[in-house]
1. Run the reach check for A:Lys56 against lysines, Cα to Cα strictly under 21 Å, same-chain hits fewer than 8 apart removed. What comes back?
2. Which whole-number percent gives the relative contact order of chain A, counting Cα pairs below 8 Å spaced six or more residues apart?
3. By residue number, which cysteines of the protein assembly as shown lack any other Cys whose Cβ falls under 4.7 Å from their Cβ?
4. Can you give the log10 of the normalised intensity I(q)/I(0) at q = 0.19 Å⁻¹, computed with Debye over equal Cα scatterers of segment B:31-114?
5. For chain B, what's the relative contact order in percent, using C-alpha pairs closer than 8 Å and at least 6 residues apart?
6. Using a Förster distance of 25 Å, how high is the FRET efficiency between A:Gln14 and A:Arg41, based on the Cβ-Cβ distance and rounded to 0.05?
7. How big is the antiparallel share of DSSP beta bridges in chain B, given as a percent to the nearest 5?
8. What is the distance in Å between the Cα centres of segment A:1-45 and segment A:47-86?
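Read-outs: derived from the displayed coordinates by stated rules, not from any lab. Treat the numbers as computed from the prediction; the structure is a model and nothing was measured. Neighbour counts are summed over all protein chains in view; Cβ atoms, including those assigned to glycine, are modelled from backbone coordinates with ideal geometry.
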Amino acid sequence: SQQGEEDPQALSIQEGENATMNCSYKTSINNLQWYRQNSGRGLVHLILIRSNEREKHSGRLRVTLDTSKKSSSLLITASRAADTASYFCATDLTGNQFYFGTGTSLTVIP
Amino acid sequence: DAGVIQSPRHEVTEMGQEVTLRCKPISGHNSLFWYRQTMMRGLELLIYFNNNVPIDDSGMPEDRFSAKMPNASFSTLKIQPSEPRDSAVYFCASRTSGGLGELFFGEGSRLTVL
């Protein structure tokens, strides 16, 4: 019962470049969150955007949300090798049901 | 804070055996979630608890799976009997119900059923 689908599935870029990942979802949401997962580790929360917000920034992260298209994007600027990880969007439907997408595997080449 | 603590980190067992995975949420968090992660299906929400009460277990794959939360600081996910297709990484996550929804994940329990 996954809600989100990330695109692309895999992304490989050079250090210093920007990385953009997209997420599409299916139903109305309270908010949308992005998480990061390093290999063999648990997920770590990056940023949350509410359904009435269109854009949010946190450090090198920029998230946009288009509720009319049911889509979101995560931009990581000036990427670093340490950004290599999988990135997931999670849709919060009711405040207690979080559904994760399939993830984007990002590789940043030093 | 120690974060969400899961045990065991790795479990290898034979088909038919009982498996019990354990989770200690962050102190003060009153919502707890169990997820399963596989390459094929990604992260699946199995069940979540609010104030130790199971709210939605519609993601539990079948009757072989059961979850309990006897108190605010402990939860178990049990598989009996286990099957090879149960092989996955099982994550526990917790959050405060009054917060914006950020989930705090444990490091996961990697289960291999032979």
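1. Leaving aside lysines fewer than 8 places away in the same chain, those within reach of A:Lys56 are A:Lys69, A:Lys70.
2. Relative contact order for chain A comes out at 39 percent.
3. none
4. Once normalised to I(0) and log-transformed, intensities are -0.84.
5. It comes to 37 percent, rounded to a whole number.
6. 0.55
7. The antiparallel fraction comes to roughly 90 percent.
8. Each part reduced to its Cα centre gives a spacing of 9 Å.
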